[in-house]
Amino acid sequence: MTRTATFTIGLTFVSVLLRTLAAVLLLLLLASCAEMTVPAVPETTVEDDTQEPEKTQAEDSPAEAPAQEEPDEPVMVVEPADFVLDATATEVRFLIEETLAGNHKLVVGATSTVSGALRVTLSDLMATTFEPVAIDAATFVTDSDRRNGAINRFILKTSAYPEIVFTPTGFAEVPAMVDVGQEFEGQLEGTLSVLGKEIPLSFALSARFVSEHEFTGSGTTTISREEWGISVPMPPLVTWVADPLVLEMDFSATVEPTGQ
């Protein structure tokens with residue numbers, strides 16, 4: 001009886017002990033599960049087709065227009081103009097020194113009976129073209145009628161050679177282009193015909209375009225009497241005549257109105 005009771009008590013103790021261990025294990029398991037972190041499940045974003053997509057900053061701002069290069073300044077094309085010598089404002093002169101009755105004298109002969117023309121563009125002077133400049137040799141006037149007669153009969157022989165002709169071939173040593181009102185200098189080259197002889201000659205030139213319709217200037221050169229065969233009679237009172245002589249020209253050329 002006593003052994004049976006002891007065995008029963010022992011079984012009871014073992015049963016209680018097992019239940020206690022099981023409870024402790026269960027508590028430890030629950031505590032361990034409580035400390036574990038459950039990963040968050042990402043929410044699924046459902047796109048709304050009716051909602052406009054977010055615009056980027058580049059789409060919000062208006063596109064910058066590409067930089068445009070500024071156009072070059074317009075080039076003004078000036079057509080060539082035909083200028084005609086104005087006889088009322090043009091004069092050709094020769095100047096020659098002599099000794100008369102023991103006195104030094106500068107003889108000047110002048111004429112305005114001159115014709116000629118040129119086609120010129122201010123923006124391209126070197127392209128200028130010319131017509132011959134014709135001088136009525138019989139119209140030179142000095143300060144003496146006797147000298148005028150001697151020039152016609154013996155010096156220039158105007159009955160046989162009524163004209164002195166300068167045929168320009170072009171400008172030299174001038175600017176490529178000039179502005180209205182700008183004075184310029186250079187050379188006017190060509191050939192001079194006197195007493196039937198043609199010899200190359202160059203005038204030192206100073207000129208300007210007063211306006212697009214008026215061209216003025218002056219030129220000077222020297223010629224050798226011997227080279228041209230210009231002989232000068234030596235009356236008793238004339239003891240010396242210079243060689244060379246100077247040839248000058250003051251000119252004014254204008255554009256004739258259209259239709260004339």
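The values are calculated or read from the model by the stated rules, or taken from the named source; none is laboratory data. Model, not experiment: these values are computed from the prediction. Cβ coordinates were reconstructed from backbone atoms using ideal geometry, including for glycine residues, and neighbour counts include every protein chain displayed.
Just name the residue that is farthest from LEU100 (Cα to Cα) out of those in the stretch 224-260 that are small (Gly, Ala, Ser), part of a loop (DSSP other than H, G, I, E, B) and modelled with pLDDT of 90 or more. Only one residue fits best here, namely GLY229. Within the stretch 177-212, the set of residues being out of contact with any Lys or Arg (no Cβ under 9 Å at 6 or more places or on another chain), loosely packed, with under 13 Cβ neighbours inside 10 Å and not in a strand (DSSP E or B) comprises ASP179, GLY196, GLU212. Assessment of the stretch 213-223 against the conditions (in contact with a Pro (Cβ under 8 Å, 6 or more places away or on another chain), at pLDDT 95 or above and either among the acidic types (Asp, Glu) or surrounded by 12 or more Cβ atoms within 10 Å (Cβ to Cβ) (or both)) yields at least one matching residue. Just one of the listed residues (ASN152, ASN148) is assigned to a helix (DSSP H, G or I), at pLDDT 95 or above and closer than 19 Å to GLU248 by Cβ, namely ASN148. Of the residues THR99, THR121, THR90, THR113, the single one that is among the β-branched types (Val, Ile, Thr), more than 16 Å from THR169 (Cβ to Cβ) and without any contact (Cβ under 8 Å) to a residue 40 or more places away in the chain is THR113. Taken over the stretch 113-139, the criterion of being among the hydrophobic types (A, V, I, L, M, F, W, C) and either loosely packed, with under 15 Cβ neighbours inside 10 Å or assigned to a helix (DSSP H, G or I) (or both) is satisfied by LEU125, MET126, ALA127, ALA137, ALA138.
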